[in-house]
Amino acid sequence: FALLINPQANGAYFKDTLLVASAEFQAVFGEQTLEHRVIGNLQFLVASLDESLLTQVLRLSFVLGVFEIDGDQFIPIDVASKYNLHEDFVFGSKYRGKTNEHLTQLLLNVGLSYLPKGTEQPTLLDPMCGRGTTMLWAMRYGLSAKGIEQDVKAIEDLRQGLKKWTKLHRQRHKMMEGFIGKANKKGLGKFLEFTVEEQNFRIINGDSREAATLIKSEKFDLIISDLPYGVQHFTTDKTRNPISVLAECIADWKKLLKKDGVIVLAFNSYIPKRTDLIECFENNGLIAQSFTAPHRMSESIVRDIIVFKHA
Ligand SMILES: C[S@@+](CC[C@H](N)C(=O)[O-])C[C@H]1O[C@@H](n2cnc3c(N)ncnc32)[C@H](O)[C@@H]1O
């Protein structure tokens, strides 16, 4: 089968699209040699696959469509991606600092691929969730999610975005606000919970270093986050290197991770370096897995992805 590469993936992975696409494919479907084919403006990855996997292939972050190869003919296959909720639930809002939607889907796919087979209804936490791209994707996958974000404005922005979205799509839903602990003017511990159909998410305003205090009595299969990049986003202690904050977060993240759970992080590999990140997590009993997908975004950012599991 030839997997048509979505041109939008170039906006996420730039000139490294093929490398990232291959890494994602192999994480989900196992190692195999993938061939790159170009027809006019269309780019494809050619893979050997069982037909029963085609709907799953369409969930790869870079795939726009699938073609069967018959001699020199490419025959489009009539399969469509299956997600909950409308596409613009994830893609609709644009704001400064939003994590690319395709990259976010890749993080989720890679996380799911590392979970034990047959894990039912995995739960997800994004401990530095911004305005929620990871949680919104989780909901499109039919999963429930929680997020923690230090920026008090995030909750209000998310609330406004969801209000518009539910109105536009006449979507039945429930929205609830409250506080973890005592209500306060600073908004610490404030949360917004959004439920639609079977799934929901909750975003909590607070510091990820206190994640296990903000979220008690729940453990997650997946902890997925796009870390602050240092250049664009400052961390809570206003340093450019997120490693010092991360070092203080790990103990709580570890407490919140189930025994077979998986942590997937996107980070700017200039700061912190991959080796520093690994050392920091391994000092806390979390072991780095082999997945890597570095892609150059700009002079100052080469984004990479790293996966950790309990030792
Ligand atoms: C790269 S952004 C995530 C963007 C998000 N994925 C989205 O699409 O909206 C990283 C986020 O981490 C948050 N952050 C940094 N340090 C934090 C901390 N200690 N606790 C909670 N959030 C933190 C920043 O405020 C920023 O919103």
Pairs from 182/273; 186/259; 182/258 whose Cα-Cα separation, in the structure shown, is over 32 Å: 182/273; 186/259
Shape category assigned to region 88-310 from the gyration tensor of Cα positions, a/c cut at 1.5: rounded
Net dipole in debye of region 1-141 [+1 Lys, Arg Cβ; -1 Asp, Glu Cβ; about Cα centre; nearest 20]: 720 debye
Theoretical FRET efficiency, 1/(1+(r/R0)^6), r = Cβ-Cβ of residue 171 and residue 55, R0 30 Å, to 0.05: 0.80
Antiparallel content of DSSP bridges confined to the chain, in %, to 5: 70 percent
Whole-angstrom gap from region 242-311 to region 2-42, using each part's C-alpha centre: 24 Å
Nearest-20 debye value, region 88-310 charge dipole, Cβ charges on Lys, Arg, Asp, Glu: 660 debye
Packing-based exposure ordering (other Cβ within 10 Å, fewest first) of 249, 280: 280, 249
Exceeding the 25 Å Cα-Cα cut-off - candidates 82/174; 117/146; 94/146: none
Charge dipole (debye, nearest 20) of region 120-187; +1 at Cβ of Lys and Arg, -1 at Cβ of Asp and Glu: 440 debye
Positive-end extreme of charge dipole, the chain - chosen from 80, 90, 62 (charges on Cβ): 90
Loop-resident sites, region 56-149, for GluC sites (Glu not before Pro), counting at most 11 other Cβ within 10 Å (DSSP): 87, 120
In region 1-64, the chymotrypsin sites (Phe, Trp or Tyr not before Pro) that fall in loop regions by DSSP, at most 14 other Cβ within 10 Å: none
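We did not get these values from a lab; they are worked out from the coordinates using the rules stated. Since we're looking at a predicted model, the values are computed, not measured. Cβ coordinates were reconstructed from backbone atoms using ideal geometry, including for glycine residues, and neighbour counts include every protein chain displayed.
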